[in-house]
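The structure appears right after this line, and notes come after that.
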Amino acid sequence: MNDRIYIEGGHQLKGSISIQGSKNAALPMMAASLLHEGVSVLKGCPRIADVFCMEEILRNLGAVTWWEDHDLYMDCTNATKWSVPFLFTGKMRSSVILLGALLARNGKGSLGYPGGCVIGKRPIDLHLLVLRNLGAVITEEEGILTAECSKMKGTVVSFPKKSVGATQQGILGAVLADGKTVLENCAREPEIVWLCRYLRSMGAKIHGDGTGKIKIHGVGRLNGGCMQVPPDRIVAGTYICAAAITRSRITLENFPDGELDSFLEVYRKMGGQYKGNSGKLIVDGENVQSPAPMLKTGAYPEFPTDLQSPVMAVLTTVKGRSCICENVFEDRFKAAQQMVKMGADIRIQGRKALVYGGKELHGTTVKAWELRGGAALILGGLAAGGVTILDGYSYVQRGYEHICQDLNMLGAAVKRMQE
Ligand code: UD1
């Protein structure tokens with residue numbers, strides 16, 4: 001049972017850890033690397049399961065990849081294949097963004113219908129909308145999506161709903177298209193801005209990223225990319241929650257300044273303190289004691305859905321009634337049922353979770369069903385009396401490079417299960 005970890009609760013945390021590179025920034029940057037017929041490098045790339053999966057996909061398409069410590073080299077000179085086997089796409093839903101890159105690179109792309117996290121329906125209609133507008137003809141047969149277009153053409157697309165992935169899809173499809181593309185009602189997440197910075201460093205002409213309207217002038221070719229992957233704001237938020245749930249003071253190095261403001265605002269209202277700048281944040285969770293009467297997740301710059309379950313774990317330890325409203329994904333409360341097993345009082349009403357906090361948590365066996373929910377259960381284990389056994393640790397490894405080592409360095413007692 002190697003997919004288990006043990007968490008012995010009740011340890012205070014202290015000390016300093018460095019935040020890993022961002023998963024959600026690295027994955028689209030890897031897809032963007034396909035657009036240059038040569039070598040591109042991502043420095044400080046996280047060595048996590050989802051990145052390895054995307055690397056395997058690139059290799060399958062004909063790329064040669066290698067690592068030098070945390071720097072990922074991708075030679076896409078011969079990445080001329082256009083079909084991504086279902087084996088990979090079934091594992092990672094975000095692989096759908098490859099479709100735009102494959103079309104731009106090879107005029108054709110096909111992939112198995114994407115899988116990924118178990119957090120409710122995750123449609124891809126907006127991805128298909130933007131690619132069709134750019135001129136792609138897309139068909140679906142027996143779970144395989146095939147898109148074809150010898151040369152995509154600039155267009156105007158207004159997304160009916162904000163989507164991070166579909167915005168990235170549109171950008172990847174448009175950078176090498178003929179003429180000008182305008183994308184409206186775009187998502188504004190920092191990971192979109194990082195993708196555009198990376199593409200600009202390769203020679204792309206993009207304006208307006210970080211706003212709702214992105215303008216792209218297609219260029220004939222792109223140069224090789226070389227960029228530092230930014231720190232992972234969700235990992236940083238998770239570790240702030242670790243300090244909050246154990247009422248501890250820790251320091252985060254390589255902190256993503258300015259990318260977690262809405263989260264820090266909630267943390268501050270709960271009684272958490274923090275100070276710092278220039279990539280270093282000292283967080284003091286000792287006085288975390290106030291519930292969150294109404295916390296709503298939303299598209300950036302609103303509260304990130306990826307930190308909803310970690311904050312829920314913290315709120316189970318705070319006396320009083322909190323209410324969390326999950327507006328981004330339906331059915332993203334799977335971790336709540338597991339927290340209830342640990343003694344928490346959480347009642348789910350559709351998209352709302354009511355948390356009656358302050359009940360004592362106790363160690364038991366819980367199951368991770370998805371990445372962030374799994375991380376939240378580890379946090380619950382830090383606060384629980386006795387030992388928590390987490391099954392499904394591999395979900396957590398999709399996004400956290402070394403959460404066990406990091407927490408242990410801060411004084412926690414988290415162990416992999418021995419055979
Ligand atoms: C990305 C992140 C994920 C994060 C999410 C929201 C990556 C690899 N993943 O996911 O960690 O939780 O943003 O911040 O970067 N939708 C549609 N049709 C579509 C696409 C999306 O209806 O074609 C809906 C989704 O079901 C969801 C909402 O739009 O309700 C937002 O999803 P989206 O922003 O696309 O999330 P992802 O890009 O999949």
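The values are calculated or read from the model by the stated rules, or taken from the named source; none is laboratory data. Predicted model only: the values in this text are computed from it and were never measured. Cβ: placed from backbone, ideal geometry, glycine included. Neighbour counts: every protein chain shown. Heads up: the accessible areas ignore ligands, DNA and RNA and are worked out on the full protein's heavy atoms, side chains in. Shrake-Rupley method; radii C 1.70, N 1.55, O 1.52, S 1.80 Å.
Structural remarks
- Scan of the stretch 331-352 for residues that are open to solvent by 70 Å² or more (accessible area, probe 1.4 Å) and acidic (D, E), ordered by number: D331
- Among residues of the stretch 12-35 that are in a loop (DSSP other than H, G, I, E, B), those with a beta-carbon under 7 Å from a residue that is polar (S, T, N, Q) and away from the ligand (no atom under 13 Å from the Cβ) at least six positions away or on a different chain give the pairs Q12/T246; Q12/S248; L13/T246; L13/S248; I19/N254.
- Search result, residues across the stretch 184-235 that are of a type in the set (S, T, N, Q) and in contact (Cβ under 8 Å) with a residue 40 or more places away in the chain: N223, Q228
- Residue within the stretch 46-61 that is closer than 25 Å to G21 by Cα and free of Cβ contacts under 8 Å to residues at least 24 places away in the same chain present: yes
- Here is the figure for the stretch 317-347: residues that are away from the ligand (no atom under 16 Å from the Cβ), in contact with a helix residue (DSSP H, G or I) (Cβ under 6 Å, 6 or more places away or on another chain) and not in a loop (DSSP other than H, G, I, E, B) total 4.
- Residue count for the stretch 79-104, restricted to those that are over 21 Å from the mean Cα position of the chain (by Cα) and polar (S, T, N, Q): 2.
- Annotation: G374 fulfils all but one of (1) crowded, with 21+ Cβ neighbours inside 10 Å; (2) not in a helix (DSSP H, G or I); the unmet one is (2).
- Considering residues of the stretch 201-213 that are more than 16 Å from the ligand (Cβ to nearest atom) and surrounded by 17 or more Cβ atoms within 10 Å (Cβ to Cβ) only, the residue nearest to P301 (Cα to Cα): I206
- Within the stretch 179-207, being more than 19 Å from G44 (Cβ to Cβ) and in contact with a Gly (Cβ under 6 Å, 6 or more places away or on another chain) holds for G179, K180, T181, L183, N185, C186, R188.
- Residue list for the stretch 377-401, filter: open to solvent by less than 40 Å² (accessible area, probe 1.4 Å), within 24 Å of the chain's Cα centre (by Cα) and either more than 16 Å from the ligand (Cβ to nearest atom) or of a type in the set (K, R) (or both): L377, I378, L379, G380, G381, L382, L390, D391, G392, Y393, R398
- Test: residue in the stretch 67-78 that is surrounded by 15 or more Cβ atoms within 10 Å (Cβ to Cβ) and on the phi > 0 side of the Ramachandran plot: no
- Yes/no for R351 being charged (D, E, K, R), in contact with a helix residue (DSSP H, G or I) (Cβ under 9 Å, 6 or more places away or on another chain) and within 16 Å of the ligand (Cβ to nearest atom): no
- Positions within the stretch 285-301 being in contact with a strand residue (DSSP E or B) (Cβ under 7 Å, 6 or more places away or on another chain), closer than 14 Å to S262 by Cβ and either more than 16 Å from the ligand (Cβ to nearest atom) or assigned to a loop (DSSP other than H, G, I, E, B) (or both), in sequence order: A292, M294
- Residue tally, condition among the charged types (D, E, K, R) and either part of a helix (DSSP H, G or I) or open to solvent by less than 10 Å² (accessible area, probe 1.4 Å) (or both), over the stretch 220-251: 2
- Residue within the stretch 237-252 that is under 30 Å from D75 (Cβ atoms) and within 14 Å of the ligand (Cβ to nearest atom) present: no
- Test: residue in the stretch 289-305 that is surrounded by 14 or more Cβ atoms within 10 Å (Cβ to Cβ), within 17 Å of V318 (Cα to Cα), polar (S, T, N, Q) and touching a residue at least 12 places away in the same chain (Cβ under 8 Å): yes
- Answer from K91, K151 - the residue that is open to solvent by 10 Å² or more (accessible area, probe 1.4 Å) and in contact with an Asp or Glu (Cβ under 8 Å, 6 or more places away or on another chain): K151
- Sole residue being in a loop (DSSP other than H, G, I, E, B) and within 16 Å of the ligand (Cβ to nearest atom), chosen from C186, C196: C186
- Single unsatisfied condition, Y274 versus (1) open to solvent by 20 Å² or more (accessible area, probe 1.4 Å); (2) over 22 Å from I250 (Cα atoms); (3) part of a strand (DSSP E or B): (2)
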